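These notes are about the structure you will find just below.
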Amino acid sequence: MGNKILPWIARLVAAFLLLQTLFYKFTGAKESVYIFSKLGAEPWGRIGSGVAELIASILILIPRTTAYGALLGAGIMTGAILSHFFVLGIVVQNDGGLLFIYALLVFVSCIYLVWINRKRIPVLNKL
């Protein structure tokens, strides 16, 4: 039973957190514009990352494509985490580090999903 529940929890956590930020990215919320301006990627980086996160979320929720969505999600979150470390800081506009924590949660969920679905990814199926 636990073998089926934990992957779904990881799927839901990753997809929910990825989908939750789309409203802010696609509507040009001031926090999102601030982040991508600081990264030198406003507006194309904000919109592009939103589209990539939407695709990753959908793929994560479909069992046959979870591995690919999780791989995409882990890649996106690697960029987000590195942006926090090297450009933005852990705390962005007094958010208490919440965006950073969300990025870590999505990253860990996605890495777990990649690992348990590694047989579906040709490059990883020998591990």
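Rule-based calculations on the coordinates, nothing more; no lab input. Since we're looking at a predicted model, the values are computed, not measured. Neighbour counts are summed over all protein chains in view; Cβ atoms, including those assigned to glycine, are modelled from backbone coordinates with ideal geometry.
For residues that are under 20 Å from Ala52 (Cβ atoms) and of a type outside the set (A, V, I, L, M), tally how many sit in the range 87-105.
If we filter the range 87-105 for residues that are under 20 Å from Ala52 (Cβ atoms), which is where we start, we get 87-88, 92, 99-100, 102-105.
Within this subset, residues satisfying the condition of being of a type outside the set (A, V, I, L, M) are 100, 102.
Adding up the residues that qualify gives 2.
Within the range 109-119, identify whether any single residue is small (Gly, Ala, Ser) and either under 21 Å from Ala41 (Cβ atoms) or in contact with a Ser or Thr (Cβ under 9 Å, 6 or more places away or on another chain) (or both), and answer yes or no.
Step one: of the range 109-119, the residues small (Gly, Ala, Ser) are 109.
Subset that is either under 21 Å from Ala41 (Cβ atoms) or in contact with a Ser or Thr (Cβ under 9 Å, 6 or more places away or on another chain) (or both): none.
No: the range 109-119 contains no residue that is small (Gly, Ala, Ser) and either under 21 Å from Ala41 (Cβ atoms) or in contact with a Ser or Thr (Cβ under 9 Å, 6 or more places away or on another chain) (or both).
Could you please find all residues in the range 47-57 being in contact (Cβ under 8 Å) with a residue 24 or more places away in the chain and not acidic (Asp, Glu)? Before the answer, list the steps.
Filtering the range 47-57 down to residues in contact (Cβ under 8 Å) with a residue 24 or more places away in the chain leaves 49-50, 52-54, 56-57.
Within the range 47-57, Ser49, Gly50, Ala52, Leu54, Ala56, Ser57 qualify.
Which one of these is more than 12 Å from the chain's Cα centre (by Cα) and part of a helix (DSSP H, G or I): Thr78, Thr66? Don't jump to the end; show me each part of the working.
On the way: Thr78 fails: more than 12 Å from the chain's Cα centre (by Cα).
Only one candidate qualifies: Thr66.
Would you please name the residue that is farthest from Val123 (Cα to Cα), looking only at residues in the range 26-44 that are touching a helix residue (DSSP H, G or I) at 6+ places or on another chain (Cβ under 7 Å) and either buried (at least 17 other Cβ atoms within 10 Å of the Cβ) or touching a residue at least 24 places away in the same chain (Cβ under 8 Å) (or both)?
Per the stated criteria, the residue is Glu31.
When you scan the range 28-47, do you find a residue that is small (Gly, Ala, Ser), closer than 16 Å to Leu71 by Cα and out of contact with any Pro (no Cβ under 6 Å at 6 or more places or on another chain), even just one?
Pass one, the range 28-47, residues small (Gly, Ala, Ser): 28-29, 32, 37, 40-41, 45.
This time we only want the ones that are closer than 16 Å to Leu71 by Cα, so: none.
Checked the range 28-47: no residue is small (Gly, Ala, Ser), closer than 16 Å to Leu71 by Cα and out of contact with any Pro (no Cβ under 6 Å at 6 or more places or on another chain).
What number of residues in the range 107-127 are over 15 Å from Tyr68 (Cβ atoms) and free of Cβ contacts under 8 Å to residues at least 24 places away in the same chain?
The total comes to 3.
Can you work out which of the residues in the range 86-109 that are among the small types (Gly, Ala, Ser) and in a helix (DSSP H, G or I) is nearest to Lys30 (Cα to Cα)? Walk me through it before giving the result.
Initially, the range 86-109 is screened for residues among the small types (Gly, Ala, Ser), giving 89, 96-97, 103, 109.
Narrowing further to those that are in a helix (DSSP H, G or I): 103, 109.
Working: Ala103: 19, Ser109: 28 Å.
Filtering the range 86-109 for residues that are among the small types (Gly, Ala, Ser) and in a helix (DSSP H, G or I), the one nearest to Lys30 (Cα to Cα) comes out as Ala103.
Scan Leu88, Leu22, Leu104 and give me the residue that is touching an Asp or Glu at 6+ places or on another chain (Cβ under 8 Å), over 23 Å from Arg120 (Cβ atoms), in contact (Cβ under 8 Å) with a residue 12 or more places away in the chain and surrounded by fewer than 20 Cβ atoms within 10 Å (Cβ to Cβ). Walk me through it before giving the result.
Numbers: Leu88 fails: touching an Asp or Glu at 6+ places or on another chain (Cβ under 8 Å); Leu104 fails: touching an Asp or Glu at 6+ places or on another chain (Cβ under 8 Å).
From the options Leu88, Leu22, Leu104, the qualifying one is Leu22.
Within the range 26-63, which residues are in a loop (DSSP other than H, G, I, E, B), within 19 Å of the chain's Cα centre (by Cα) and of a type outside the set (Asp, Glu)?
The first filter runs over the range 26-63 and keeps only residues in a loop (DSSP other than H, G, I, E, B), leaving 28-29, 39-43, 62.
Retained after the next criterion (residues that are within 19 Å of the chain's Cα centre (by Cα)): 28-29, 39, 41-43, 62.
Those that are in a loop (DSSP other than H, G, I, E, B), within 19 Å of the chain's Cα centre (by Cα) and of a type outside the set (Asp, Glu): Gly28, Ala29, Leu39, Ala41, Pro43, Ile62.
The conditions are (1) in contact (Cβ under 8 Å) with a residue 24 or more places away in the chain; (2) within 19 Å of Ile111 (Cβ to Cβ), and Thr65 fails exactly one of them. Which is it?
Going through (1) in contact (Cβ under 8 Å) with a residue 24 or more places away in the chain; (2) within 19 Å of Ile111 (Cβ to Cβ) one by one, Thr65 breaks only (1).
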